[in-house]
1. Going by what's in this entry, would residue 25 be described as among the small types (Gly, Ala, Ser), under 30 Å from residue 100 (Cβ atoms) and surrounded by 10 or more Cβ atoms within 10 Å (Cβ to Cβ)?
2. Assess whether residue 116 counts as being β-branched (Val, Ile, Thr), in contact with a Ser or Thr (Cβ under 8 Å, 6 or more places away or on another chain) and either within 24 Å of residue 57 (Cβ to Cβ) or loosely packed, with under 10 Cβ neighbours inside 10 Å (or both).
3. Being over 19 Å from residue 74 (Cα atoms) and open to solvent by 30 Å² or more (accessible area, probe 1.4 Å) is the requirement here; does residue 123 meet it?
4. Residue 139 is checked against (1) of a type outside the set (Gly, Ala, Ser); (2) touching a Leu at 6+ places or on another chain (Cβ under 8 Å); (3) more than 16 Å from residue 75 (Cβ to Cβ); (4) without any contact (Cβ under 8 Å) to a residue 60 or more places away in the chain and fails just one. What number does that condition carry?
5. Residues that are modelled with pLDDT under 95, of a type in the set (Lys, Arg) and farther than 30 Å from residue 87 by Cβ, at least 1 per element: which strands (runs of 3 or more DSSP E) completely within the stretch 1-53 meet that?
6. Of everything in the stretch 66-92, what is outside any strand (DSSP E or B), open to solvent by 70 Å² or more (accessible area, probe 1.4 Å) and within 30 Å of residue 51 (Cβ to Cβ)? Give them in sequence order.
7. For residue 22, are the conditions met, namely being under 30 Å from residue 133 (Cβ atoms), of a type in the set (Gly, Ala, Ser) and without any contact (Cβ under 8 Å) to a residue 40 or more places away in the chain?
8. Kindly indicate whether any position in the stretch 129-142 is within 30 Å of residue 60 (Cα to Cα), open to solvent by less than 60 Å² (accessible area, probe 1.4 Å) and assigned to a strand (DSSP E or B).
Amino acid sequence: VYDNGTEQDVLLSECSIEGFSSETGGTKTIKVSYQEFSAEFEIEVKAAVTPEKVLTSIRIDQNPGKMEYLIGEELNLDGLVVTAVYDDESEEPLAGGSYSVTGFDSDTEGTKTVTIQYKEQTAEFTVQVKEAEQPEKILREIRIDQMPDKTEYFVGDELNLTGLQVMAVYD
């Protein structure tokens with residue numbers, strides 16, 4: 001604004017501007033100078049609002065070290081690596097107690113599907129449950145535990161083994 005009452009737009013490139021910093025939040029006073037004159041105004045610098053990440057899936061990056069079980073054994077998740085995947089394409093490994101585990105049953109043999117659930121997302125892997133193998137038996141001896149009912153015969157009679165009990169003894 002000139003002394004004769006006229007006004008003229010000033011190019012910002014001809015002005016010096018001081019006082020702006022977005023390093024910290026709060027009210028900032030901005031000083032605009034042109035030739036020997038200056039004017040000030042205030043702005044508010046707020047902390048950036050980070051949108052909340054949305055979980056889109058979980059995945060199993062590494063199965064547990066133990067994938068075969070005998071009937072009656074408990075599930076061992078040592079070595080299991082589960083990763084959460086978010087809508088902003090970020091990923092985060094999940095700690096072992098932050099998710100639930102269902103589907104393991106070692107009461108019967110067969111393929112068991114183990115389900116990992118974190119929030120509303122699930123991932124699965126399978127394990128095998130087998131019956132314990134019986135070690136091979138080695139016969140040590142046989143013995144007669146009970147004699148047959150008939151032990152005396154006449155010439156021409158047929159052998160009658162009724163009542164005979166034979167026992168096999170293994171190692």
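The values are calculated or read from the model by the stated rules, or taken from the named source; none is laboratory data. What you are looking at is a predicted structure, and each value in this text was computed from that prediction instead of being measured. Ideal geometry is used to build each Cβ from the backbone, glycine not excepted, and the neighbour counts take in all protein chains shown. Accessible surface areas use protein heavy atoms only, side chains included; no ligands, DNA or RNA. Shrake-Rupley method; radii C 1.70, N 1.55, O 1.52, S 1.80 Å.
1. Numbers: among the small types (Gly, Ala, Ser): yes; under 30 Å from residue 100 (Cβ atoms): no; surrounded by 10 or more Cβ atoms within 10 Å (Cβ to Cβ): yes.
So residue 25 does not fit the description; no.
2. Numbers: β-branched (Val, Ile, Thr): yes; in contact with a Ser or Thr (Cβ under 8 Å, 6 or more places away or on another chain): yes; either within 24 Å of residue 57 (Cβ to Cβ) or loosely packed, with under 10 Cβ neighbours inside 10 Å (or both): yes.
In short, yes.
3. On the way: over 19 Å from residue 74 (Cα atoms): yes; open to solvent by 30 Å² or more (accessible area, probe 1.4 Å): no.
It is false that residue 123 is over 19 Å from residue 74 (Cα atoms) and open to solvent by 30 Å² or more (accessible area, probe 1.4 Å).
4. Only one criterion is unmet by residue 139, namely (2).
5. Counting at least 1 such residues, we get 26-34.
6. Initial filter on the stretch 66-92 (outside any strand (DSSP E or B)): 66-67, 71-80, 87-90.
Narrowing the set further to residues that are open to solvent by 70 Å² or more (accessible area, probe 1.4 Å) leaves 71, 74, 78, 87-89.
Those that are outside any strand (DSSP E or B), open to solvent by 70 Å² or more (accessible area, probe 1.4 Å) and within 30 Å of residue 51 (Cβ to Cβ): 87, 88, 89.
7. Values: under 30 Å from residue 133 (Cβ atoms): no; of a type in the set (Gly, Ala, Ser): yes; without any contact (Cβ under 8 Å) to a residue 40 or more places away in the chain: yes.
Taking the combined requirement at face value, the residue does not satisfy it.
8. Within the stretch 129-142, the first condition is being within 30 Å of residue 60 (Cα to Cα), and the residues that meet it are 129-132.
Keeping just the survivors that are open to solvent by less than 60 Å² (accessible area, probe 1.4 Å) gives 129, 132.
Narrowing further to those that are assigned to a strand (DSSP E or B): 129.
Yes, the stretch 129-142 has at least one match.
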